[in-house]
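Asker: One structure coming up, written as structure tokens, with questions to follow.
The values are calculated or read from the model by the stated rules, or taken from the named source; none is laboratory data. Quantities reported herein were computed from a predicted structural model and do not represent experimental measurements. Every residue, glycine as well, gets a Cβ built from its backbone with ideal geometry; the counts of neighbours run over all protein chains shown.
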């Protein structure tokens, strides 16, 4: 990273207090800053560090008022956390999009088109009749099947496997060892107890601005498409089955599994290790807590759910509070049972 403070402020639409010509070459936590670094302060809990930090510049909220002298240059923005994220994204983009050209050995099939300023790493494979947009970066050991489309500015990290007929939009990032478009889990039980494979003839469609973490699998549809809508963010180790549809700007944390033909709405939040059955619909803005199991459709928007089976979050918390009281309740029950042999039993029960 090499930016002047002035360039950063312009990028973030910020206001500078201090030296705008300082060069920034790295980012750091505010408590670990050193000269040449930029940090941010978004939480007042860490305010004490801004007075001692060695960082050359700090991004702060517009309502921040220093209580004593600060040596760092300050960049005032609407939201310091969001601004710092934007800065890191720009830094990552510049690193990723620095690469161009073709490393050898690599392969590209007949009738495939590759746009301008692309990067194809060593041992990458592109099948026939593919369309690769401008400035796409395909890292080493990546496999891209036939008739695949990848939109401009997308990044395909090492070891990714993209099966035939997959469509990937613009500005997507797919991290290492993810598999997109493999066969869905479709088997028909037979009279003799065996299972017959159901051909999976559909594809996967991933819209713009999607991020997919490492070792995630997105299965192709049996017929039609498995669809990941615009802005979806998927963590590592997530399983998305055939014919699933994920709505815009939904986020899914690691080790979650979504069974076939389920539709998830927009702006949902699915925490880690959530299991969702197939053939259900989940309304927009649903929040599902970690390790929950969802077995039925959710029709009302904006609900927060937890538990297995998943239920209203407040109901689940009340239930957990009662569970914690079980040892105490058991002791009271034992005490009542021991009093059954005494002549004062009725009186004891009344007192309880």
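Asker: Any idea how many residues of the range 34-63 are crowded, with 16+ Cβ neighbours inside 10 Å, out of contact with any helix residue (DSSP H, G or I) (no Cβ under 8 Å at 6 or more places or on another chain) and part of a loop (DSSP other than H, G, I, E, B)?
Answerer: Summing the residues that are crowded, with 16+ Cβ neighbours inside 10 Å, out of contact with any helix residue (DSSP H, G or I) (no Cβ under 8 Å at 6 or more places or on another chain) and part of a loop (DSSP other than H, G, I, E, B) in the range 34-63 gives 2.
Asker: Looking only at the range 178-201, which residues are over 22 Å from residue 138 (Cβ atoms) and within 25 Å of the chain's Cα centre (by Cα)?
Answerer: Hits for the range 178-201 are 183, 184, 185.
Asker: Identify all residues within the range 64-83 that are in a helix (DSSP H, G or I) and in contact with a strand residue (DSSP E or B) (Cβ under 7 Å, 6 or more places away or on another chain); write none if there are none.
Answerer: 80, 81, 83
Asker: Which condition from (1) buried (at least 22 other Cβ atoms within 10 Å of the Cβ); (2) at pLDDT below 95 is the one that residue 270 breaks?
Answerer: (2)
Asker: Please find, among 319, 292, 306, the residue that is in contact with a strand residue (DSSP E or B) (Cβ under 9 Å, 6 or more places away or on another chain), farther than 17 Å from residue 269 by Cβ, surrounded by 12 or more Cβ atoms within 10 Å (Cβ to Cβ) and in contact (Cβ under 8 Å) with a residue 12 or more places away in the chain.
Answerer: Numbers: 292 fails: farther than 17 Å from residue 269 by Cβ; 306 fails: farther than 17 Å from residue 269 by Cβ.
After ruling out the rest, the residue left standing is 319.
Asker: Could you go through the range 209-216 and let me know if any residue there is surrounded by fewer than 17 Cβ atoms within 10 Å (Cβ to Cβ), under 17 Å from the mean Cα position of the chain (by Cα), assigned to a strand (DSSP E or B) and modelled with pLDDT of 95 or more.
Answerer: yes
Asker: Suppose we keep only residues that are assigned to a loop (DSSP other than H, G, I, E, B) and touching a strand residue (DSSP E or B) at 6+ places or on another chain (Cβ under 8 Å) within the range 144-158. Which one would you say is nearest to residue 213 (Cα to Cα)? It would help to see each step written out before you state the result.
Answerer: Going residue by residue through the range 144-158, those that are assigned to a loop (DSSP other than H, G, I, E, B) are 145-148, 151-154, 157-158.
Keeping just the survivors that are touching a strand residue (DSSP E or B) at 6+ places or on another chain (Cβ under 8 Å) gives 145, 148, 151, 154, 157.
On the way: 145: 20, 148: 20, 151: 18, 154: 14, 157: 10 Å.
So the residue we want is 157.
Asker: Across the range 159-199, what is the number of residues that are in contact (Cβ under 8 Å) with a residue 24 or more places away in the chain and part of a loop (DSSP other than H, G, I, E, B)?
Answerer: Here is the first cut: in the range 159-199, the ones in contact (Cβ under 8 Å) with a residue 24 or more places away in the chain are 163-186, 198.
With part of a loop (DSSP other than H, G, I, E, B) added as a condition, the list becomes 163-166, 169-172, 175-178, 183-186, 198.
The number of residues fulfilling the criteria is 17.
Asker: I'd like to check something: does the range 109-128 contain any residue that is assigned to a strand (DSSP E or B), more than 17 Å from residue 167 (Cα to Cα) and modelled with pLDDT of 95 or more?
Answerer: yes
Asker: I need a count of the residues in the range 84-101 that are touching a strand residue (DSSP E or B) at 6+ places or on another chain (Cβ under 6 Å) and closer than 12 Å to residue 137 by Cβ.
Answerer: 3
Asker: Just to be sure before I move on: is residue 80 surrounded by 12 or more Cβ atoms within 10 Å (Cβ to Cβ), under 17 Å from residue 8 (Cα atoms) and at pLDDT below 95 in the structure I sent?
Answerer: Numbers: surrounded by 12 or more Cβ atoms within 10 Å (Cβ to Cβ): yes; under 17 Å from residue 8 (Cα atoms): yes; at pLDDT below 95: no.
So residue 80 fails the test.
Asker: Same structure again: How many residues, within the range 1-48, are within 25 Å of the chain's Cα centre (by Cα) and over 16 Å from residue 88 (Cβ atoms)?
Answerer: Of the residues in the range 1-48, 1 are within 25 Å of the chain's Cα centre (by Cα) and over 16 Å from residue 88 (Cβ atoms).
Asker: OK, next. Within the range 19-33, take every residue that is buried (at least 16 other Cβ atoms within 10 Å of the Cβ) and over 19 Å from residue 85 (Cβ atoms) and give me the one that is modelled with the lowest pLDDT.
Answerer: 20
Asker: Might you check whether a residue that is touching a strand residue (DSSP E or B) at 6+ places or on another chain (Cβ under 6 Å) and buried (at least 18 other Cβ atoms within 10 Å of the Cβ) occurs anywhere in the range 185-201?
Answerer: The answer is no; no qualifying residue exists.
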